[in-house]
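Notes follow the structure.
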Amino acid sequence: LFPRQVSYNRFVELEKEVLLPMTIFIKKVLLGTCTGISFVDSTSLRICRNQRILIHKTFEGLAERGRCSMGWFFGFKLHLIINDKGEILNFMFTPGNVDDREPLKQGKFLENIKGKLCADKGYIGQALFENLFLNGIQLVTKVKNNMRNSLMSIADKILLRKRALIETVNDELKNIAQIEHSRHRSFNNFIANSLSAIAAYCFFEKKPAIDVNFVNNGQLSIF
């Protein structure tokens, strides 16, 4: 199928030339459509083991130390927004020390996002909630232990239980599409590999999804 394939070293050199076309292809063709129910989360992209942080040179001045549910890491963060069908609506790369709420403060990241946006406790913020609400987005999160409890509809509680959907998407990106590894030779190749993984996921025939149905009595049922 590929009689004139180039060597591995030449392939790595050519990778960076497809960055712009691939970005446009993903943004204009592959991304899904907002259905009114979205999920947002971030996942760590480690670029080396913690023992090699001080001697790592490839991403010097770019990668940063961050902390996630799995502990400290050195690298970047991938911020994702998906719909209830498991389709990626938007994504953003940031250094590992960037707060999860920062991308939500940028209008481009939330372009064409409307309705309910489910997130974890790391996205709690009164100012952020009010700003998103004014733009037609209702941020739905659980409350921390030291916060005053607030009323929440049954539909929102059910959606929060299904927030693990985006965790499954992150898992498939890492374990199937191989978006995370420690053999990058340059920042351009890191972006090219990450975009390739996102594009590959968009072509998956079967994506993790939830079945959302609004019954006649106005209640929400999810299976």
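Checking the condition among the hydrophobic types (A, V, I, L, M, F, W, C) and modelled with pLDDT of 90 or more, which residue from Ile154, Ile88, Ile158 passes?
Details: Ile154 fails: modelled with pLDDT of 90 or more; Ile158 fails: modelled with pLDDT of 90 or more.
The conditions single out Ile88.
Yes/no matrix, rows are residues, columns are (1) surrounded by 10 or more Cβ atoms within 10 Å (Cβ to Cβ); (2) within 25 Å of Val169 (Cβ to Cβ); (3) out of contact with any Phe, Trp or Tyr (no Cβ under 9 Å at 6 or more places or on another chain):
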site: Glu17; (1), (2), (3): yes, no, yes
site: Ser42; (1), (2), (3): yes, yes, yes
site: His56; (1), (2), (3): yes, no, no
site: Arg67; (1), (2), (3): yes, yes, no
site: Trp72; (1), (2), (3): yes, yes, yes
**OP:** Tell me which of these Leu195 doesn't satisfy, since it passes every other one: (1) touching a Leu at 6+ places or on another chain (Cβ under 9 Å); (2) in a loop (DSSP other than H, G, I, E, B); (3) of a type in the set (A, V, I, L, M, F, W, C); (4) crowded, with 18+ Cβ neighbours inside 10 Å.
**Re:** (2)
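Say whether the condition of being modelled with pLDDT of 90 or more, under 21 Å from Leu195 (Cα atoms) and over 17 Å from the mean Cα position of the chain (by Cα) is met by at least one residue in segment 27-37. Walk me through it before giving the result.
Step one: filter segment 27-37 for residues modelled with pLDDT of 90 or more, giving 27-37.
Still in the running and under 21 Å from Leu195 (Cα atoms): 27-34.
Remaining after also requiring over 17 Å from the mean Cα position of the chain (by Cα): 28-29.
The answer is yes; a qualifying residue exists.
Can you list the strands (runs of 3 or more DSSP E) found entirely within segment 76-184 that contain at least 2 residues being buried (at least 18 other Cβ atoms within 10 Å of the Cβ), basic (Lys, Arg) and within 18 Å of the chain's Cα centre (by Cα)?
Numbers: elements: 88-95, 115-118, 137-140.
Where strands (runs of 3 or more DSSP E) fall fully within segment 76-184, none carries at least 2 residues being buried (at least 18 other Cβ atoms within 10 Å of the Cβ), basic (Lys, Arg) and within 18 Å of the chain's Cα centre (by Cα).
The values are calculated or read from the model by the stated rules, or taken from the named source; none is laboratory data. Since the structure is predicted, the reported quantities are computational estimates derived from the model, not experimental observations. Glycine gets a Cβ as well: all are built from the backbone with ideal geometry, and neighbour counts include every protein chain shown.
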